[in-house]
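Some notes on the structure that comes next.
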Amino acid sequence: MHPPAVPNAVQSTGLSAVLPADADVPDGARDVVVVGGGIVGLAVAWRAARAGLTVTVLDPSPGDGATHAAAGMLAPVTEADFGEDEALALHLAAARAWPGFAADLEHATGADVGLRTAGTLTVAYDSDDLALVRRVLALHAAHGLDSHALTLADARRREPHLGPRVAGAAWAPHDNAVDPRATHAALLTASRTGAGAVVVPRSATRVARDASGRAVGVHDDAGHLHRAGAVVLAAGWQTGALLADVPEVRVPTRPVKGQTLRLDAGPELALEHVVRGVVQGRPVYVVPRDPVRDGPCAGHREVVVGATTEENPDDRRATAGGVFALLRDARALLPGIDEAALVDVTPRARPATPDNLPLVGATHVPGLHVAAGHGRNGVLLAPLTAEAVVAGLTGEPLAADDATALAAARPDRFTDHPVGGAGGTTDCRDPQMTVPSTRR
Ligand SMILES: Cc1cc2nc3c(=O)[nH]c(=O)nc-3n(C[C@H](O)[C@H](O)[C@H](O)COP(=O)(O)OP(=O)(O)OC[C@H]3O[C@@H](n4cnc5c(N)ncnc54)[C@H](O)[C@@H]3O)c2cc1C
């Protein structure tokens, strides 16, 4: 057992409150201040509070970033790509963390986070699309991943709503989905049941440092200094901008816009599985939630269709072209969605990085931790990220497999001379810092 890496630890059970905008912020130093209350920041805050740390989360609109758009696929296999072996290992480790995280959160709150373990069907629209699906199946086989080709008859047995023009299909039994909005709401609900953390609706402007260079808190846009033993930056694609006063740490996050659609499907469109597709070279996915149990909408289910990928800023504009393209490709695979009501178009920006890997853990600046750049898999990665950051805060070791996978996400990899910079020495209590990267 290592000593806590941050001072003033107290026992607590979870997040405690979301303060109104005009409320006073907590007096005195906290153990941790987390900047950003998306799914990543709140997962870190909740796990840190449960580890006995006092936590302040700063966010003017918690949950209104990429988390609000995410479909919630937990898909290490069907997200696997050529040349991205480190991401694959990280995503597999992240998927292992989800069942326990969901069970703990549901136990703590009584909420249903919408975890569905029905597997994922991948469908090819034409013969070129099928050739691509077969190449991807070969990639899966080379990595020993659990996926295989399906006959069309088997695919239709699993998902009877598949359209008449489908060239082939594949099955990934362990790629699942969760409801990110329900998960985020549960993390906020945890705020009402414990005493470890508060969510303060203010923007952070910059990291505060002492004379030695140590991060000692965060300034907000009202001029308040939130003092803390450790700072965790989890502000999605805006994280890099918070480091203006920490030039020796580089967090190159950028926005990559994506749009998702939410449909209200009646009982006649009873989709059971995540359906991913390739339609004339274009990727599309359709993610069903559990049906509503009671009331006038009993039998209806939310179905998420996604997603565009645009190298555009976070302009929050739903575009006609984006909506058209998603519906065109989704209905090519599942014609029944024509009858569903379109209830929501959500444009938000993914927090992307140059190498498509997140930045997670302690930086070489004492007291400064990062949990950002989770790109298109931040929902999948949130529980593992929280475990890793809290391990760095408390000095508890991570499981060896997780530490190995997380080496690819070390937060100093874009920094020129990470050890012995202006901030001081490497925090040797962070297990990630002792695990060598296999590649970068
Ligand atoms: C269209 C789309 C579909 C997606 N689908 C999936 C999917 O199926 N599966 C999956 O795993 N992932 C998916 N993702 C990715 C996932 O949504 C993100 O990786 C994840 O939400 C990142 O979480 P986060 O908390 O880091 O960032 P965000 O959710 O963006 O949260 C960042 C928070 O920081 C706050 N903030 C910003 N600046 C400041 C500041 N200065 N001070 C205080 N607070 C600040 C913001 O208000 C925001 O609440 C998808 C993303 C998009 C856009």
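Within the stretch 238-254, being within 13 Å of Arg350 (Cβ to Cβ) and either buried (at least 21 other Cβ atoms within 10 Å of the Cβ) or away from the ligand (no atom under 11 Å from the Cβ) (or both) holds for Thr239, Thr253, Arg254.
Against the condition away from the ligand (no atom under 15 Å from the Cβ), surrounded by fewer than 21 Cβ atoms within 10 Å (Cβ to Cβ) and not hydroxyl-bearing (Ser, Thr, Tyr), how does Gly114 come out, does it pass? When the stated conditions are applied, Gly114 does not pass them.
Filtered by the rule that a residue be under 18 Å from Asp344 (Cα atoms), crowded, with 23+ Cβ neighbours inside 10 Å and within 12 Å of the ligand (Cβ to nearest atom), the stretch 259-283 gives Gln259, Thr260, Leu261. Screening Arg165, Arg157, Arg181 for residues that are outside any loop (DSSP other than H, G, I, E, B), under 30 Å from Glu268 (Cα atoms), touching a residue at least 40 places away in the same chain (Cβ under 8 Å) and of a type outside the set (Gly, Ala, Ser) leaves exactly one candidate, Arg181. In the condition set (1) crowded, with 16+ Cβ neighbours inside 10 Å; (2) at pLDDT 95 or above, Pro160 is compliant with all but (1). Considered as a group, the residues in the stretch 196-237 that are free of Cβ contacts under 8 Å to residues at least 60 places away in the same chain and not in a loop (DSSP other than H, G, I, E, B) include one that is nearest to the ligand (Cβ to nearest atom), and that residue is Thr205.
Per the conditions (1) charged (D, E, K, R); (2) buried (at least 21 other Cβ atoms within 10 Å of the Cβ); (3) over 26 Å from the mean Cα position of the chain (by Cα), the sole criterion not satisfied by Arg328 is (2). Inside the stretch 165-221, residues that are modelled with pLDDT of 95 or more, hydroxyl-bearing (Ser, Thr, Tyr) and under 19 Å from Leu58 (Cβ atoms) make up a count of 2. Inclusion of Asp104 among residues that are more than 10 Å from the ligand (Cβ to nearest atom), outside any loop (DSSP other than H, G, I, E, B) and of a type in the set (D, E, K, R) is warranted.
Restricting Val57, Val40 to residues that are aliphatic (A, V, I, L, M), within 11 Å of the ligand (Cβ to nearest atom), over 14 Å from the mean Cα position of the chain (by Cα) and modelled with pLDDT of 95 or more narrows the list to Val57.
If you go through the stretch 219-249, how many residues are closer than 13 Å to Val365 by Cα and of a type outside the set (Gly, Ala, Ser)?
Taking the stretch 219-249 and keeping what is closer than 13 Å to Val365 by Cα, we get 229-233, 243, 245-249.
Adding the requirement that they be of a type outside the set (Gly, Ala, Ser) leaves 231-233, 243, 245-249.
Number of matching residues: 9.
The values are calculated or read from the model by the stated rules, or taken from the named source; none is laboratory data. This is a predicted model, so every value here is computed, not measured. Neighbour counts run over all protein chains shown; Cβ positions are idealised from the backbone, glycine included.
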